[in-house]
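This report concerns only the one structure given below.
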Amino acid sequence: MHRITSASAADLFDIAATRRIEQTAASALPPHTLMQRAGLAAARLAMALTPHARTIWVACGPGNNGGDGFEAAAQLRHRGFFPVVTFLGDESRLPQDAKASLQRARDAGVTFTSEPPSTFELAVDALLGIGSTRPPSGAMAEWLVRMHAGAQPVLALDVPSGLDADTGTLASDPDRVPASTRTTLTLLTLKPGLFTAQGRDAAGTVWFDDLGCSTFIQESATARLAGPPDHAPRTHASHKGSYGDVAVIGGASGMTGAALLAGSAALHSGAGRVFVGLLDPVAMSVDTSQPELMLRDAHALDLSGMTAVCGCGGGDAVRELLPRALSTAAALVLDADALNAIAADPSLQAQLMARGRTGAPTVLTPHPLEAARLLGDTTGGVQANRLAAARALALRFGAVTVLKGSGTVIADATDAPPVINPTGNARLATAGTGDVLAGMIGAALARRRPAFEAACEAAWQHGHIADTWPADAAPLTAGALARRTPA
Ligand SMILES: NC(=O)C1=CN([C@@H]2O[C@H](COP(=O)(O)OP(=O)(O)OC[C@H]3O[C@@H](n4cnc5c(N)ncnc54)[C@H](OP(=O)(O)O)[C@@H]3O)[C@@H](O)[C@H]2O)[C@@H](O)CC1
Ligand SMILES: Nc1ncnc2c1ncn2[C@@H]1O[C@H](COP(=O)(O)OP(=O)(O)O)[C@@H](O)[C@H]1O
Ligand SMILES: [K+]
């Protein structure tokens, strides 16, 4: 059992793959082994979370997730703790494993009640796991509200009840249950839904126990959790040409800052030279706070041999430059208004697809609304399955796609599993941080990192800066994020 951190690169498996792995493992092991291992791991984590707990409420549901709860309760009782189990299900319809664990809990002397205890130091959510088929309702919904309403920690077994383990969508309104400190012990496999969409908020701190079954995994991963990038030291005899040129195209009237932020991020991420091609006809010619940036008229930049970062603060004006960027830029990041222009223009879409077929490195960095426009979908539709949306965009345009937000998803058009970025937090929810990410990806492309790796590494680093921002420092602003130092 170990805690998952942003340093953990790991394979993620969806529900279908997890069930196949479970079958393989169960058929190779003595009956009930998996559930007993799951319950023991849960009891150990419960004891570590609340070593002095007097009452541990274990809420058990109608399937094998409930079985994990019975087993955990039995193990806790054997160790001198006082679990109180509430069981929401029909004993006669329990799966065999869960039935055996219910008996073991009874034999251990666990207390069963029909109503949750009035006070408890820890709640164990063993109501629903990967078999969740509909939003919890009735007593189950009430118990979930009750366990999350107070400050007591909640330990969810496998997945928080009601969370879709594939997509990270939560059946109930997540804002209804914000108070508790959440920990999730996920079992057998790590699931993608724990790390994207509402999964991060619902799961809290994630622990993983593979139940000793990693050797039974023959499946390819559904997705991967990005680990930190390797640190590649600069060779001594390198020069600015070794790190490439980035040209930011954006900054239409009133939005110059977005292009300057992307430029600043590219610069501080190590690009050899950074040009900022501004679309505002009366733009400044130098940014005295960042004299390293070479400000140009966007129309005058020759993009061949350069990495172009196109669209940051681009407004409508960026549209006319897109055909040239799509056909001539050596590598290309398309962000913000460049994506909106492409979404609205079939001829630009065709050009983007044609570029994709040439294999020229191209990265799209939509937030969910931009992704929805490109897909002809709604933001809700995109958020309902972020992995699928990122993959659909990557396949349609032949471009690496970075679908931003909590648990940024990075997909390409190959068979490689998409990556979920584990870093970042809501401090990034401030204007301009997306421009910074685009500039960071641009710098990685300029030093000739392959597009998928460039996107994964930049997304990890971008979130990591926010995660390690000193608590007592000034608020994180996009400018400071680009410079990587608190103002
Ligand atoms: N098997 C193994 O080897 C291992 C399994 N493990 C554990 O088993 C879990 C999977 O077990 P599972 O397949 O039984 O599914 P589970 O999540 O318990 O729920 C299914 C039940 O809930 C019901 N139900 C669904 N939605 C509902 C709702 N909203 N409100 C009310 N009821 C609802 C559904 O009923 P139905 O939809 O059929 O009406 C069915 O009765 C997995 O997550 C892990 O914890 C671990 O021990 C590792 C080894
Ligand atoms: N809660 C969060 N967790 C992780 N990353 C976040 C969160 N909120 C925002 N971000 C990140 O912040 C950036 C915001 O980008 P974007 O929406 O394009 O903003 P802007 O257009 O203002 O630059 C993205 O990289 C996104 O992934
Ligand atoms: K659960």
#### Entry: Pairs with Cβ under 6 Å, 6+ apart, first in the range 139-151 and at negative phi, second of a type in the set (S, T, N, Q) and away from ligand 3 (no atom under 12 Å from the Cβ)
148/180
### Query
If you go through the range 421-429 one residue at a time, do you hit one that is within 7 Å of ligand 2 (Cβ to nearest atom) and of a type outside the set (A, V, I, L, M, F, W, C)?
yes
### Message
Restricting to the range 96-114, count the residues that are away from ligand 3 (no atom under 16 Å from the Cβ), outside any loop (DSSP other than H, G, I, E, B) and crowded, with 20+ Cβ neighbours inside 10 Å.
### Response
3
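What about residue 137, is it under 32 Å from the mean Cα position of the chain (by Cα) and under 29 Å from residue 426 (Cα atoms)?
Considered against the rule, which asks whether it is under 32 Å from the mean Cα position of the chain (by Cα) and under 29 Å from residue 426 (Cα atoms), residue 137 comes out as no.
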### Output for the range 266-302, where each listed residue is small (Gly, Ala, Ser) and in a strand (DSSP E or B)
277
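Would you check if there is a residue in the range 45-54 being at pLDDT 95 or above, within 12 Å of ligand 1 (Cβ to nearest atom) and surrounded by 24 or more Cβ atoms within 10 Å (Cβ to Cβ)?
no
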### Task
Just one of (1) surrounded by fewer than 24 Cβ atoms within 10 Å (Cβ to Cβ); (2) small (Gly, Ala, Ser); (3) under 19 Å from residue 186 (Cβ atoms) trips up residue 72, so point out which.
(1)
### Query
In the range 279-312, which residues are surrounded by 19 or more Cβ atoms within 10 Å (Cβ to Cβ), of a type in the set (A, V, I, L, M) and more than 21 Å from residue 480 (Cα to Cα)?
279, 283, 298, 301, 303, 306, 308
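Results for (1) touching a helix residue (DSSP H, G or I) at 6+ places or on another chain (Cβ under 7 Å); (2) at pLDDT 95 or above, shown as yes or no for each residue.
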position: 153; (1), (2): yes, yes
position: 165; (1), (2): yes, yes
position: 169; (1), (2): yes, yes
position: 177; (1), (2): yes, no
position: 181; (1), (2): no, no
position: 185; (1), (2): yes, yes
position: 189; (1), (2): yes, yes
position: 193; (1), (2): yes, yes
position: 206; (1), (2): yes, yes
### Task
Give, as residue ranges, the helices (runs of 4 or more DSSP H) completely inside the range 371-451 that count at least 2 residues that are charged (D, E, K, R) and away from ligand 1 (no atom under 16 Å from the Cβ).
386-397
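The values are calculated or read from the model by the stated rules, or taken from the named source; none is laboratory data. Computed from a predicted model, the values in this text were never measured in an experiment. Ideal geometry is used to build each Cβ from the backbone, glycine not excepted, and the neighbour counts take in all protein chains shown.
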